[in-house]
Amino acid sequence: MNPEIALVADAEALFRAAESEFVIAAGAAVSAKGRFDVVLSGGSTPKGLFSLLAGNREVPWDKVNFFWGDERHVPPDHPDSNFRMANETLLSKVGAKPEQVWRIAGENPDAAQAASDYERQLRACFATATGEFPRFDLVLLGMGPEGHTASLFPGTKALDERERWVVSNWVGKLYTDRITLTAPVLNHAAMVMFMIGGADKAPALKAVLEGPYEPAQLPAQLIRPRDGRLVWLIERGAGGMLTPR
């Protein structure tokens, strides 16, 4: 696996590049198997992409299944909910039907049960053999300024998971549980696309892409698809510390 790294001029170029990759991936998946299974992420950068995609008529929206890489331990109408952000900016705009939307029940008081329930739903959807992981067509990811991705935070237990698809993950620095897909699931995708914007990400990004392999400190380094594309779309501010290529 050799990562594909593209630096773009600004946020608008970042959203446009991601939109292009999304459209191509959706078309290929629908042509091959009749549906497009995409994992959405939260945060401000995907919000810009979703707003752009909402006006795109090249995507066969009626054949898209929407999943989430992680969710906050909050109800779906909470301002911090990843589902709410995606619903307001994309799902409600493209007419997604309930059966196309596979959200994580972050409102469950028991985060561990929410994780187990979501894994059960995914297993029913993908009907994989014992020991196998689902193969998403596209996984969208971001990265925090300390190197976390999805809700795989530095020093947390979820980093060591090798069998479960979905786990609850206690994040001490935020004093909250998160529900997240695990690294093995993310690494089984046909394509993983990171979208990185903002100069505050520059030190961590340089460490992730050019530093030693230390995933306990930099969980984004865990994402290395075994049989798929790994794409990094990077706004120039975020890539300001990278060695010129």
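For the stretch 199-220, indicate whether the set of residues that are farther than 19 Å from ALA111 by Cβ and of a type in the set (Lys, Arg) is non-empty.
Let us first name the residues in the stretch 199-220 that are farther than 19 Å from ALA111 by Cβ, namely 199-218, 220.
Going one step further and asking which of them are of a type in the set (Lys, Arg), we end up with 201, 206.
Within the stretch 199-220, one or more residues are farther than 19 Å from ALA111 by Cβ and of a type in the set (Lys, Arg).
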All conditions in (1) touching a Gly at 6+ places or on another chain (Cβ under 9 Å); (2) farther than 28 Å from GLU21 by Cβ; (3) buried (at least 22 other Cβ atoms within 10 Å of the Cβ) are true of ALA115 except (1)
So which residues in the stretch 13-33 are farther than 12 Å from MET195 by Cα and open to solvent by 40 Å² or more (accessible area, probe 1.4 Å), if there are any at all? SER20, ILE24, ALA28, SER31, ALA32, LYS33
Please determine whether any residue of the stretch 65-75 is surrounded by fewer than 19 Cβ atoms within 10 Å (Cβ to Cβ), within 28 Å of HIS148 (Cβ to Cβ), without any contact (Cβ under 8 Å) to a residue 40 or more places away in the chain and more than 19 Å from the chain's Cα centre (by Cα). yes
Select from the stretch 145-164 the residues that are closer than 18 Å to ALA111 by Cα, touching a residue at least 40 places away in the same chain (Cβ under 8 Å) and surrounded by 24 or more Cβ atoms within 10 Å (Cβ to Cβ) and list them in ascending order. ALA150, SER151, LEU152
Six or more apart or on different chains, Cβ under 6 Å: which pairs go from a residue in the stretch 187-201 that's under 23 Å from VAL30 (Cβ atoms) to one that's of a type in the set (A, V, I, L, M) and assigned to a strand (DSSP E or B)? Could you list them? ALA189/VAL139; MET191/LEU138; VAL192/VAL139; VAL192/LEU230; MET193/LEU140; MET193/VAL231; MET195/LEU233
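Quickly run through the stretch 82-101 and pick out the residues that are part of a loop (DSSP other than H, G, I, E, B) and on the phi < 0 side of the Ramachandran plot.
Applying the first criterion (part of a loop (DSSP other than H, G, I, E, B)) to the stretch 82-101 yields 92-97.
Passing the criteria: SER92, LYS93, VAL94, ALA96, LYS97.
Which one is least open to solvent (accessible area, probe 1.4 Å) among residues in the stretch 169-185 that are touching a His at 6+ places or on another chain (Cβ under 8 Å) and within 12 Å of ALA115 (Cα to Cα)? I'd like the intermediate steps shown before the answer.
Initially, the stretch 169-185 is screened for residues touching a His at 6+ places or on another chain (Cβ under 8 Å), giving 176-179.
Narrowing further to those that are within 12 Å of ALA115 (Cα to Cα): 177-179.
On the way: ASP177: 42, ARG178: 26, ILE179: 0 Å².
If we take residues in the stretch 169-185 being touching a His at 6+ places or on another chain (Cβ under 8 Å) and within 12 Å of ALA115 (Cα to Cα), then ILE179 is least open to solvent (accessible area, probe 1.4 Å).
Considering TRP61, TRP102, which residue is without any contact (Cβ under 8 Å) to a residue 40 or more places away in the chain, hydrophobic (A, V, I, L, M, F, W, C) and touching a helix residue (DSSP H, G or I) at 6+ places or on another chain (Cβ under 8 Å)? Steps first, answer last, please.
Details: TRP61 fails: touching a helix residue (DSSP H, G or I) at 6+ places or on another chain (Cβ under 8 Å).
Exactly one of TRP61, TRP102 is without any contact (Cβ under 8 Å) to a residue 40 or more places away in the chain, hydrophobic (A, V, I, L, M, F, W, C) and touching a helix residue (DSSP H, G or I) at 6+ places or on another chain (Cβ under 8 Å), namely TRP102.
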Going by the structure shown, is LEU91 surrounded by 15 or more Cβ atoms within 10 Å (Cβ to Cβ) and under 17 Å from ASP37 (Cα atoms)? yes
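The values are calculated or read from the model by the stated rules, or taken from the named source; none is laboratory data. Just so it is clear, the structure is predicted and the values come from calculations on it, not from any experiment. Ideal geometry is used to build each Cβ from the backbone, glycine not excepted, and the neighbour counts take in all protein chains shown. Just the protein is used for accessible areas: all its heavy atoms, side chains included, with ligands, DNA and RNA removed. Shrake-Rupley method; radii C 1.70, N 1.55, O 1.52, S 1.80 Å.
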